[in-house]
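Worksheet: one structure, shown below.
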């Protein structure tokens, strides 16, 4: 079984059991024991984040960053390298333990937390928030909540960068990962953020995958 297939199998199993986010911890535990590997763990920062930063560099000095669904920590370490005081969280405690093990001297604060119920102290707290591929891993009813909670974490003047698979409203929704529509992300503007940019493109995977990369600001 390929790695993506195992992730989809676990997702279907846990959704059927009424625990639609429990599969993340199950997958990381299997990876920790050597039974499988994490299909999105490439050992490097997200290339679409790096491309964005090359075109739109920002000074992180004196600013805070939050990485949603940090996985194995590469994106979080990159934000710390850019000078941000970085917090990174994942719903999987095993993933967080793996980050701390990989980066024992890191300045990143790694936290086990749930995007659907984030710590109250994070409300409107962060200057820059990065979300890649977490929204698309959640069923539609939870995705709405995840988008709403993400918006709540952006401080006035702060930015939220979202990267996700994309589809048209009329396209089949498919299975995990569920591609987002532009309407899914438009909810962020109804939640008080303004859209600064929205890119709709195909990446360099083989075959190419349609992606959205969008930036939102809290006025």
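All of the numbers you see were taken from the coordinates with simple rules; none came from a lab. All figures in this text were calculated on a predicted structure; none of them were measured in a lab. Positions of Cβ are generated from backbone atoms using ideal geometry, with glycine treated the same way; all protein chains shown enter the neighbour counts.
Points to keep in mind about this one:
- Meets criteria (surrounded by 14 or more Cβ atoms within 10 Å (Cβ to Cβ), closer than 23 Å to residue 48 by Cβ and touching a strand residue (DSSP E or B) at 6+ places or on another chain (Cβ under 8 Å)) for residue 202: no
- Complete set of residues in region 163-195 that are touching a residue at least 24 places away in the same chain (Cβ under 8 Å), part of a strand (DSSP E or B) and within 20 Å of residue 48 (Cα to Cα): 163, 164, 165, 166, 180
- The listed residue being more than 21 Å from residue 122 (Cα to Cα) and in contact with a strand residue (DSSP E or B) (Cβ under 6 Å, 6 or more places away or on another chain), out of 180, 160: 180
- The single residue among 130, 103 that is closer than 30 Å to residue 173 by Cα, surrounded by 14 or more Cβ atoms within 10 Å (Cβ to Cβ) and in contact with a helix residue (DSSP H, G or I) (Cβ under 7 Å, 6 or more places away or on another chain) turns out to be 130.
- Region 70-82: number of residues that are closer than 16 Å to residue 163 by Cα and either touching a strand residue (DSSP E or B) at 6+ places or on another chain (Cβ under 6 Å) or loosely packed, with under 15 Cβ neighbours inside 10 Å (or both): 4
- If you go through region 83-95 and keep only what is free of Cβ contacts under 8 Å to residues at least 40 places away in the same chain and surrounded by fewer than 22 Cβ atoms within 10 Å (Cβ to Cβ), you end up with 83, 85.
- Unique residue being surrounded by fewer than 17 Cβ atoms within 10 Å (Cβ to Cβ), without any contact (Cβ under 8 Å) to a residue 12 or more places away in the chain and over 22 Å from residue 52 (Cβ atoms) when the list is 119, 208, 139: 119
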